[in-house]
Amino acid sequence: MASGVAAVLTSLGQRDYLSSADCSADETQGLLDLARQLKSGARRIDLGNRVLGLIFSKASTRTRVSFQVAMARLGGQTVDLNPSVTQLGRGEPLQDTARVLSRYCDVLAVRTFSQQEIVDYAHWATVPVLNALTDLEHPCQALADFLTMQEEHGDLVGQTLAYIGDGNNVAHSLMLCGALLGVNVRIGCPDGFEPLPGVLDQARNLAQHGAKIDVLTDPGMAVAGAQAVYTDVWASMGQEQEQAEREQAFAGFCVDQALMDQAATGAIVLHCLPAHRGEEISAEVMEGPASRIFDQAENRLHVQQALLAAVMGGL
Ligand code: CP
Ligand code: NVA
């Protein structure tokens, strides 16, 4: 009979995780609690020899390796299914690929461009599908980010996270996941780079404990009094040709010491990585005492291990 954290997470068995909004507030907090137990060694889970398929259409260091290591620690293994080396790259339909891979793998993690594509994978697959980043969301990243914030500041309810940069995938998942966890999330972005209005509405509707989700065009106002300041690249994967125009649009949105001085005393700095020093973050802040960026990267491993265990019913 499952108890405590495990009881909360049994509902995730065989479920997909395509969006931060796919988990309830209790399930989201439960994943962070299990991740902390796994990280400290208080909990060990062996799933037997299960297999995770990684279908990645974009580059990845952290997501790929943290999923591989998480699966190894659960007693399982991963197979790399880069579309350029499978028949997908030669035009085999997704609906066939997803059904075939479901006969070999116990869970699939997909990194791709459109959210619709991962929704289609989840429709056709008969095993859980996890979002390893799309242009719309990066839900596994947000779990690691809030675990890092919780490790630093304790109870997340009522804390404020300021995200400075493009209001796209990482910002969307921070808004949704933060809302569920009772964290105020402020997005500071230039005009024209706001989060999607539909995601903003969704986050506000999901907000627990009175959490406020705001969008501001003044980075100083966004970080004022925040306990965590977060940034991401200005040109995401697939937008490389917009790099020069984005550098102009995002001028003034660099997370540097002057900006950090406006955050709360003891505020931490987060970045999902990869980072461009001297663009969205100064080298001084990236390497400074407030940076928790490498703890955050490590936490990808722990939250994904928790998520894999939950969706494969290993609790
Ligand atoms: N933060 C993150 O998802 O990094 P990778 O692109 O290296 O996986
Ligand atoms: N917004 C970035 C996140 C990388 C982890 C991108 O999509 O490239």
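Read-outs: derived from the displayed coordinates by stated rules, not from any lab. The structure displayed is predicted, hence computed values, not measured ones. All Cβ positions, even for glycine, are placed from backbone atoms using ideal geometry, and neighbour counts span all protein chains on display.
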**OP:** Starting from the Cα-Cα distance between THR61 and GLN87, subtract it from 0.36 nm times their residue separation and give me the gain in nm to one decimal.
**Re:** 7.0 nm
Subject >> Cα-based equivalent ellipsoid, the chain: semi-axes from gyration tensor eigenvalues, Å >> reply: 31, 23, 17
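Can you tell me the dipole magnitude for the chain around its Cα centre, using point charges on the Cβ only (Lys, Arg +1; Asp, Glu -1), in Debye to the nearest 20?
Here the chain has a charge dipole of around 1260 debye.
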Original post:
For ARG277, what is the net charge nearby, where nearby means another residue's Cβ is under 10 Å from its Cβ and Lys, Arg count +1, Asp, Glu -1?
Top reply: -4
Original post:
How much net charge surrounds GLY313 when only other residues with a Cβ under 15 Å from its Cβ are counted (Lys, Arg +1; Asp, Glu -1)?
Top reply: -2
**OP:** Please express the Cα-Cα pair-distance distribution P(r) of region 135-218 as a list of whole percents, one per 5 Å bin, running from 0 to the bin with the greatest distance.
**Re:** 3, 18, 28, 28, 16, 6, 1
Subject >> GLN248 versus ALA283: modelled label distance in nm, points set 7 Å from Cα along the beta carbon direction >> reply: 2.7
Original post:
Per q in 0.24 1/Å, what log10 I(q)/I(0) does a Debye calculation on the alpha-carbon atoms of region 25-74 return?
Top reply: -1.04
**OP:** Treating each Cα of region 217-315 as an identical point scatterer and ignoring solvent, apply the Debye formula and state log10 I(q)/I(0) at q = 0.14, 0.16, 0.19 Å⁻¹.
**Re:** -0.62, -0.75, -0.93
**OP:** Treat the count of other C-beta atoms within 10 Å as a stand-in for reagent exposure and order SER40, SER173 from fewest to most.
**Re:** SER40, SER173
Original post:
Using alpha-carbon positions, what is the distance between the centroids of region 237-308 and region 1-66, in Å?
Top reply: 24
Original post:
How are the Cα pair distances of region 34-102 distributed, in percent, across 5 Å bins from 0?
Top reply: 3, 15, 21, 19, 17, 12, 6, 4, 2, 0
Original post:
Where does the Debye-calculated log10 I(q)/I(0) of region 36-156 sit at q = 0.09, 0.10 Å⁻¹, using only Cα point scatterers of equal weight, no solvent?
Top reply: -0.28, -0.34
Subject >> Cleavage-rule hits, GluC sites (Glu not before Pro), region 214-301, DSSP coil, Cβ neighbours within 10 Å at most 15 >> reply: GLU287
**OP:** Only helical DSSP H runs with n ≥ 4 go in: add -39500 (n - 2.57) per run for the chain, normalise by residue count and round the 222 nm mean residue ellipticity to 500 deg cm²/dmol.
**Re:** -12000 deg cm²/dmol
